[in-house]
Amino acid sequence: MAEGVKPATQKRSRETRDKLVRALEVELRSRAFDQISVADIAKQAGLSVGSVYRRFENKDAFIPVIFEIYQARLMEFNSNPETQVRVEPEFGLRQALHTIARSGWEFLVPEAHIIRAAHLYGRLRPDLIGDEWDALLEASVEGYMKALEEFSDEIKRPINRETAELVTYVFSSIYVEKGLYPKDGPGAIVSIDGDKFAIEMAEFIYGYLVTEPAS
């Protein structure tokens, strides 16, 4: 159980807890976590402030819950046959990268409010998240490594951990800058969006992978 979240031993208590988590998610769609108060969550849920504190020690106790929601939805997205990424070597590296980029963008857009909070507070409050964020990044590196190995005949870069780390970094940075913070930082200067943006970013990675390393 997440730190700071009190055990829900009765059905009504669990329902109250779930109602509060849903209320927080509604609030996150319009503003940042640090702008939301316990009173805001209670009001959105139609409950008293005391109901919040009977389920959560303080507002920070919602942070690991946010991360749990993110993990659950990512797992659901990756296991859904309709959204699962399938790398098909016969269609080539370029098409595979387009597919990966589109899939990542498809997941990010509707879940940006949850991912944004998980991303930010996974770094600001690692004591509440533990090493789970690092585990997700490690899984991404391993996944990209396996994908790259399928296209060894096309890729000019060494197919090793360093290359997989760079691909993970670029894809992750793209989603953070443009998807999570579209009005702040470098992402704000890019006018294209959606599917076109995802494909163009995949083209950058494709160019890197098929270019001989500098001697």
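The values are calculated or read from the model by the stated rules, or taken from the named source; none is laboratory data. This structure is a prediction, so every number in the text was calculated from the model and none was measured. Ideal geometry is used to build each Cβ from the backbone, glycine not excepted, and the neighbour counts take in all protein chains shown.
Quick notes on this structure:
- Selected residue (only one of 47, 97 is at pLDDT 95 or above and under 23 Å from the mean Cα position of the chain (by Cα)): 97
- Consider the stretch 157-206 and keep the residues that are charged (D, E, K, R) and not in a helix (DSSP H, G or I). The one that is farthest from the chain's Cα centre (by Cα) is 157.
- For the stretch 176-202, a residue qualifies if it is surrounded by 12 or more Cβ atoms within 10 Å (Cβ to Cβ) and at positive phi, and exactly one does: 185.
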